[in-house]
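Student: First, the structure itself, so that you have it in front of you.
All of the numbers you see were taken from the coordinates with simple rules; none came from a lab. In this text the structure is predicted, and so the values were computed from the model without any measurement. Reconstructed Cβ throughout: ideal geometry from the backbone, glycine too, with neighbour counts over all protein chains shown.
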Amino acid sequence: MMTIRLYDSYSRSLREFEPLQGNQVRMYACGPTVYDYAHIGNLRTYLFEDVLRRTLEFQGYEVLHVMNITDVGHLTSDADTGEDKIEKGSRRAGKSAWEIAEIYSDAFKQDLRQLNIRDPGIWCRATDHVGEQIEDIRTIESNGYTYATSDGIYFDTSKLRNYGYLARLDVDGLNAGQRIEVGEKRNATDFALWKFSPENQQRQMEWDSPWGRGFPGWHIECSAMAVKYLGKMFDIHCGGKDHIPVHHSNEIAQSEACHGTRLANFWLHGYFLETEDKMSKSSGEFLRLQTLLDRNIDPLGYRYLCLTAHYRSDLKFTWESLNGAHTALSRLRNMVAGWGEPGTADTGFVIRFRNEIHDDLNTAKGLAVVWDLARSSLPDEVKKATIFECDRVLGLNLENWKPQPLLAIPDKAADLLNRRNQARAAKDWVAADQIRVEIQEMGFEVIDSSTGSHLRKKQPESFRQRSRKDA
Ligand code: AMP
Ligand code: ZN
């Protein structure tokens, strides 16, 4: 299968992919809301988008990948009520909203790098595009799709014949069910384009607009920035599946009202990573990449785990499956490292691999092809070159992997361990305990055994424990 088939959520079907214009694929991915670290569930969505981009590039397309950073306007409730997540994060950490956005944007980019996710060609921040958003709201207003309430300018979804088609929303049913909670909104599905700053409270992030001082709603940023960088109708728009019923339905509504287009030719959605407890960034308890690093798990082990599942099925997270993925990756790395210099790739295996990933990014089957290849009787140099070829899509960075030195123990920790041994020899248990605490504070724990004591990197007491390092 030389053409790529992708599942388009809009038509709910597998469609053959062709760029709208020439050889270039224009692709927009909804980025993070930067009020806290990303959890590994969020990162699964960015991993899927990275594989999508790499698959398109593997096929020879040039990909223009745009990702936004939501640094204003995303409220704690998707129904346009509650507090701005960034302002809330600012109060929690005692830093300005601007600082919070900066800190967590940097942390997010760092996470992407550790997962070998390619940087988008264009990063764009909502706060840098307030002018564009205001312009679009004015157009939507003059086209007759808006109304004002006491707290903002809203989009009247009843004015669009097809509102909610992406999610096949039962708009009448929603209206009937939510009459009471709608408040000043005319329809349950209406959403804010512009929110006024509260009268009794100074916001850190606010701007003047034709409607009064305030800030943009969450959805308008994506349509405005996507159109600015990719045009009114581009190839692929993607995000997590939770975006289907609200965020992406609203982006589509805005674009239809503003430009008469439906924004993207393909809509792709990544399914969720599920943990035993609901994984939510806003509840303040979640697993992040650092939690895995603290357990000596290579971020690419997590990447491998995500590759074992199809992006369109939810993936249950367990430590056992992560450890299994990490072990499989280590085995693959060691095999590949033992194969000497790469020669020429085997066309048959590359075609088999391509067929799997062209089938709606079936990375699980792509990995199976890689393992068949690894165990095949082809000469080592052929296997090596072929695996490197497949890894352009898988992104496991096999080409640059070197056997790792054992975890280095800093001199100070080693010194403390010596002093603790001496204290124990002198039966000074109080001093020995104090030193153990000092060692723990350095991020190590002491393992006592019949053959003596040694240090290892501290494991979190429970993987559910809060892993935020206060910013
Ligand atoms: P946020 O930073 O909250 O705006 O979310 C960033 C991205 O992560 C969005 O595309 C969400 O759809 C996605 N997402 C949220 N939770 C999960 C999850 N548990 N698994 C996979 N993706 C998720
Ligand atoms: Zn978005």
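Student: How do MET442, MET27 rank when sorted from fewest to most other Cβ atoms within 10 Å of their own Cβ?
Tutor: MET442, MET27
Student: Let me know the charge dipole size of the chain about its Cα centre in debye, to the nearest 20, where only the beta-carbon of Lys, Arg (+1) and Asp, Glu (-1) is charged.
Tutor: Dipole size: approximately 1000 debye.
Student: I've got another one for you. May I ask you to list the aspartates and glutamates whose Cα is less than 12 Å away from that of LYS195, ignoring any residue fewer than eight positions away on the same chain?
Tutor: Correct list for LYS195: ASP80, GLU83, ASP84, ASP151, GLU206, ASP208.
Student: Expressed in nm to one decimal, what extension gain is obtained for the pair VAL182 and GLU99 from 0.36 nm per residue of sequence separation less their Cα-Cα distance?
Tutor: Result: 26.4 nm gained on full extension.
Student: Follow-up. Name the residues whose placed amide hydrogens come within less than 5 Å of the amide hydrogen of LYS458, ignoring near sequence neighbours (fewer than 5 apart) on the same chain.
Tutor: HN-HN under 5 Å from LYS458: PHE444, GLU445.
Student: Also: Going by C-beta contacts inside 10 Å, put ASP50, ASP346, ASP242 in order with the fewest on the left.
Tutor: By the 10 Å Cβ count, ascending: ASP242, ASP346, ASP50.
Student: Cβ under 11 Å from HIS243's Cβ, HIS243 left aside: what net charge do those residues give with Lys, Arg +1 and Asp, Glu -1?
Tutor: Net of charged neighbours comes to -2.
Student: On to the next question. Pull out the extension gain between LEU20 and VAL437, defined as 0.36 nm times the separation in residues minus the alpha carbon to alpha carbon distance; nm, one decimal.
Tutor: 144.0 nm
Student: Residues with amide H under 5 Å of PHE266's amide H, sequence separation 5 or more or different chain, H placed in the peptide plane at 1.01 Å from N; which?
Tutor: Residues meeting the criterion, in which the H sits 1.01 Å from N, are ILE236, HIS237.
Student: Between 0 and 90 degrees, rounded to the nearest ten: what's the tilt of helix 97-114 against the longest Cα principal axis of the chain?
Tutor: Taking the Cα atoms of the chain, the angle to 97-114 is about 50 degrees.
Student: More than 26 Å apart: what percent of Cα pairs in the stretch 344-460 qualify?
Tutor: Everything past 26 Å amounts to 50 percent.
Student: Tell me, what ³J(HN,Hα) does each residue in the stretch 145-156 have, in order and in whole Hz, if you take phi through Karplus 6.51 cos²θ - 1.76 cosθ + 1.60 with θ = phi - 60° and put x for Gly and Pro?
Tutor: So the J values, rounded to whole Hz, are 10, 10, 8, 9, 10, 6, 10, x, 9, 10, 8, 8.
Student: From the backbone phi of the stretch 54-67, what are the Karplus-calculated ³J(HN,Hα) couplings (6.51 cos²θ - 1.76 cosθ + 1.60, θ = phi - 60°) in whole Hz, Gly and Pro given as x?
Tutor: Each residue of the stretch 54-67 in turn: 5, 5, 5, 5, 4, 7, x, 7, 9, 10, 9, 10, 10, 10 Hz.
Student: What is the distance in Å between the Cα centroid of the stretch 291-317 and that of the stretch 372-423?
Tutor: Answer, in whole Å: 17.
Student: Further question on the same structure: Could you work out the Rg to Rh ratio of the chain, with Rh taken as the Kirkwood radius (inverse of the mean 1/r over all Cα pairs)?
Tutor: A ratio of 1.03.
Student: Work through the residues other than GLU87 whose Cβ is under 14 Å from its Cβ and net out their charges, Lys, Arg +1 and Asp, Glu -1.
Tutor: Result for the neighbourhood of GLU87: +1.
Student: Same structure again: Among ILE103, ILE447, what is the fewest-to-most ranking by other Cβ atoms within 10 Å?
Tutor: Ascending number of Cβ neighbours within 10 Å: ILE447, ILE103.
Student: Please list, in chain and number order, the residues 5+ apart from ASP314 or on another chain whose amide H is under 5 Å from its amide H, with Hs placed from the backbone.
Tutor: The answer is PHE272.
Student: Go ahead and run the numbers for FRET between ASP172 and ARG118, Cβ-Cβ distance against an R0 of 45 Å, rounding to 0.05.
Tutor: 0.55
Student: So what are the ³J(HN,Hα) numbers for the stretch 4-17, from phi and the Karplus equation (6.51, -1.76, 1.60; θ = phi - 60°), rounded to whole Hz, Gly and Pro as x?
Tutor: After applying 6.51 cos²θ - 1.76 cosθ + 1.60, I find 8, 10, 10, 7, 9, 5, 5, 8, 6, 8, 7, 10, 6, 8 Hz.
Student: What value, in deg cm²/dmol to 500, does the helix sum -39500 (n - 2.57) over DSSP H runs of n ≥ 4 give at 222 nm once divided by the residues of the chain?
Tutor: -13000 deg cm²/dmol
Student: If you take the charge dipole of the stretch 295-400 about its Cα centre, with +1 on Lys and Arg Cβ and -1 on Asp and Glu Cβ, which of LEU367, PHE349, ALA385 is farthest toward its positive end?
Tutor: Of the options given, the answer is LEU367.
Student: I would also like to ask the following. Mind scanning LYS85/LYS412; LYS365/LYS457; LYS88/LYS185; LYS85/LYS109 and naming the pairs with a C-alpha gap bigger than 30 Å?
Tutor: LYS85/LYS412; LYS365/LYS457
Student: Using only Cα atoms, find the angle between the long axis of helix 319-337 and the longest principal axis of the chain, and express it within 0 to 90 degrees, rounded to the nearest 10.
Tutor: 70 degrees
Student: Could you compute the net charge surrounding LEU230? Neighbours are other residues with a C-beta less than 15 Å from the C-beta of LEU230; K and R count +1, D and E count -1.
Tutor: -2
Student: Express the C-alpha Rg of the stretch 5-274 as a ratio against the empirical globular expectation 2.2 N^0.38 Å, rounded to two decimals.
Tutor: Dividing the Cα radius of gyration by 2.2 N^0.38 Å gives 0.98.
Student: Shifting gears a bit: Can you compute the modelled spin-label distance between GLU199 and LYS427, with each label point 7 Å from Cα toward Cβ, in nm?
Tutor: Computed distance between label sites GLU199 and LYS427 equals 7.7 nm.
Student: Label ASP411 and ASP208 with points 7 Å out from Cα along Cα→Cβ: what is the distance between them in nm?
Tutor: 6.0 nm
Student: Which value, in debye to the nearest 20, gives the size of the charge dipole of the stretch 1-125 about its Cα centre, when Lys and Arg are +1 and Asp and Glu are -1 at the Cβ?
Tutor: Dipole magnitude for the stretch 1-125 comes out near 240 debye.
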